[in-house]
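Since every read-out is calculated from the coordinates, none of them should be taken as a lab result. Computed from a predicted structure; not experimentally measured. When we count neighbours, we look across all protein chains shown, and the Cβ atoms used for this are built from the backbone with ideal geometry, even at glycine.
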Amino acid sequence: MPVKTAQSSFRDRTQEFQSIAERLKKSVSSGPGPNGPSSSSKTEEQRSGVALQSEFNRRASKIGFGIHQTSQKLAKLAKLAKRTSVFDDPTMEIQELTAVIKQDITALNSAVVDLQFLSNSRNEGVVSSDTTSHSTTVFKEVLTMRTENLKVHENRRQLFSSTASKETVNPFVRQRPLATRSAANASAAPPPPWANGSSSSSSSKQGDGESQPLLQQNQQQQQQMVPLQDTYMQSRAEALQNVESTIHELSSIFNQLATLVSQQGEIAIRIAREFYFYVL
Amino acid sequence: MALNLRQKQTECIIRMLNLNQPVNPSGTANEEVYKILIYDKFCQNILSPLIHVKDLRKHGVTLYFLIDKDRKPVHDVPAVYFVQASQVNIQRIVADASRSLYDSFHLNFSSSIPRPLLEDLASGTLNSNSNSLDRISKVHDQYLEFVTLEDDLFSLAQKSCYVQLNDPSAGDREIEEIVERIVSGLFCVLATLAVVPIIRCPRGGPAEMVAMALDQRLRDHLLSKNNLFTEGGGFVSSFQRPILCLFDRNFELSVGIQHDFRYRPLVHDVLGLRLNRLNVQGEKGGMKSFELDSSDPFWVTNGSLEFPEVAVEIENQLNKYKKDVDEVNKRTGGSGGAEFDGTDLMGNTKHLMNAVNSLPELTERKQVIDKHTNIATVLLGEIKERSLDSYAKKENDMMVRGGVDRAELLAVLKGKGTKMDKLRFAIIYLISSETINQLEVESVEAALKESEVDTTAFQYVKKIKSLNVSLASANSASRSNIVDWAEKLYGQSISAVTAGVKNLLSSDQQLVMTRTVEALMEGKPNPEIDSYLLLDPRAPKSGAGTSGSHLKGPFKEAIVFMIGGGNYVEYGSLQELAKRQQPVKHVIYGTTEILTGVEFVEQLTVLGKKMGLGSVGAPSGSH
């Protein structure tokens, strides 16, 4: 339906044109006879020529298609990477997909190189200036698309690795204090009944009772020393991580700056302006 | 679902660039095909305000050429041609095909290629030596022969329509040809919008001729079952149809000549905005080129403000920008010898991230501000030099009051301003005064001559006005040749000029055309518009079938078309009308060409010369 509305304002008159040509052809071919067959053989020749010529074009569009497919896979990968549900761990899938994408990219790379080779070998012949400028633009296009996709890939990987590191590191960071704390609690919690019991039992012996809590306190202090050291280590680790993530962020900032700079390129050029230069 | 002409035309062009294959939702073709785009000058004008080189690349266009440029063969690519259907272009295409410049040819004609030209194309490609016929893979009619400048502003880019329509020596055939051209341009617009409007226009003059011909054209087209208007909206379009209001420049002559003091008209009239592109003197001397269209938020929001307000607004924007920059600097700038603290570091990079993210937005804003500062500076220079503010104000006063103090009048003519400014002022004086005061007119003429102004245009308007007066007073006046054509073309419309002046007295500053459009859209009985022609191309053709109530509105959407040249003053006035309505209505404004006051007065001068008036050398012995 949307296609239909989009088509509403133009008319395909190819058929009409062809029928006119057909009619004219008949009236022409009835005139000079020998011209017919030779022209048809010529046509065939030219056709094969056209087919050969479009080899470059075909490959270029194939690469374009490959890039498109790869980027779709990347999108899937991104979706997978974003899924952080505990029950459904897609790590395997992600790894497989990453491998596939890597393969794709190397294949694309070699295809691009091939294409360059092909066009170079063909360019040995006589090539018009327009042709070269056309193919350089095609290359530029393909290359920018590829770099963009690579960039996207990089981003996804970062996303994945950062979530992965969070998953692996966070439990480490969070659970350790929890564990130590619980251990501390566990070691600290049992004593009270025991201490209470002992104190109640030793309530009659007041002197001993005073020294015992002291000893207990000592013990507790010693126990607390271990977590303290632990938290210190943790804070060091955290600081390191902070530094790391800062560097990451900085690199992304630089990336963004780079794209900012490159975007200045073709954005504002208009045909008319270009034409203005031609005239000059 | 408002009609958006710019968007529609852009869609059509993108579809064409993708070899007329369906385009997927993201706006690119499913399969990337690299191709070459060839266009002629006219189509370049269509393309350049709508699509940038970046977009061309997105749709696989690697090279783009003018058709008359010397081009080299590029073997393995298809070429997309977008040209007007003209003899020259057809010959050029045949030559290209026979030289086998490209692999295949996708021909797109801006309007519809006539059968004879199609046959020329066929025989031409057939007769050439190689198999050029096989290279022509597609032939399309695009119906895109108009230049869209804004979402709701278009121009048919047909030069000197006013001269041609009012030429005293023009025969019926010439007039018919011009009307036909205008009709086919309008037909393209309607086909692109996929609407069949209800047509209204004042009786008499070119507007009626165009209305009748367009009605016929639409009727003929709608007869065929598979037409351009059925595939689109179907019932939707017939449920809420727009109204097409046709006017002739003579309906309100003054708008074409008057000075205006709003930003957009000033930029156009004084600095020569063309195809949304403006070339002005940069701050450091060199020429700078700016683009002014809907991608410029400042232009969109402030285009209809008066110049001093615009200057204030630029100042405001600049201050706001400075404040935002300071804010960013404050947050990111190293806060002195801060301790290397983990949390602080995190915060800092966060700020830095935010800063980088806000940078593009800020630089964009800065660019816009710089651009308009530059434009406003140049504009201010011109305004001071020519004291355009007083021209605008006094002309407006004249139109409102229907006259001016004689001393003031002569003072202006002897004061600052270019010759053209003075001439325009004098013509506005003529139009605004209800009766011609012979003595006063002569002194005006003398003042003009003193400043060495070519008074041809002035005399032309005077002549038309006096003709009109004599026509009104005595219809049975001797019918010389001139009176004959004048009646044919002006019988109604010039009297509308004088009528319009009287009306202006009551309403404040609204153009007659705008007020008429408002009345037509409302569709309530109104003596001013009851006499207007009403045509419905969809209705069965029966003489008195024009009384259907659904044809009288109210309408939500209107297309207003000015035959013989329009400008940004009218455009702005209609936009105000559309915004003022509750609920907001939608008005598309179009014209045969967009003219500055100077350009229009030049056309008047040409007409004056054709009537044998003016010519500075000859003494005005008639008076």
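Worth pointing out:
- From phi via Karplus (6.51, -1.76, 1.60), per-residue ³J(HN,Hα) for segment B:394-409 in Hz, x at Gly/Pro: 5, 4, 5, 4, 4, 5, 6, 8, x, x, 8, 5, 5, 4, 5, 4
- Put simply, the amide H of residue B:588, placed in the peptide plane, has neighbours under 5 Å in B:558, B:559, B:560, leaving out anything fewer than 5 places away on its chain.
- Rounded FRET efficiency, nearest 0.05, which uses the C-beta distance separating residue B:41 from residue B:203 and R0 of 35 Å: 0.40
- The simple spin-label model puts a point 7 Å past each Cα toward its Cβ; for residue B:359 and residue A:93 those points are separated by 3.7 nm.
- Shape analysis of segment B:5-144 based on the Cα gyration tensor places the equivalent ellipsoid semi-axes at 24, 17, 14 Å, largest first.
- Each residue of segment B:303-317 was assigned a 3J(HN,Hα) from its phi angle through the Karplus curve 6.51 cos²θ - 1.76 cosθ + 1.60 (θ = phi - 60°); the sequence is x, 9, 7, 6, 4, x, 5, 5, 4, 4, 5, 4, 4, 4, 4 Hz, with glycine and proline shown as x.
- Net dipole in debye of segment B:5-144 [+1 Lys, Arg Cβ; -1 Asp, Glu Cβ; about Cα centre; nearest 20]: 360
- Shielding by partners for peptide A:16-25, expressed as the average number of C-beta atoms from other protein chains within 10 Å of each residue's C-beta, is 6.
- Full-extension gain in nm, residue A:72 to residue A:117, via 0.36 nm per residue minus C-alpha separation: 13.4 nm
- Remark on segment B:122-175: Rg and Dmax equal 19.5, 51 Å (Cα only).
- Beta bridges per DSSP, both residues in segment B:5-144: antiparallel share near 0 percent.
- Between residue A:241 and residue A:133, the FRET efficiency from the beta-carbon distance, with R0 = 35 Å, is close to 0.10.
- In whole angstrom, segment B:144-249 maps to an equivalent ellipsoid with semi-axes of 26, 15, 13, each derived as √(5λ) from the alpha carbon gyration tensor and ordered largest first.
- Simple label model, 7 Å out from Cα along Cβ direction - residue B:325 to residue B:87, nm: 6.0
- Estimated FRET transfer efficiency when R0 is 41 angstrom, pair residue A:144-residue B:281 (beta carbons, to 0.05): 0.70
- In this structure, the pairs whose alpha-carbon distance is over 20 Å, taken from B:416/B:609; A:62/B:35; B:394/B:610; A:79/B:58, are B:416/B:609; B:394/B:610; A:79/B:58.
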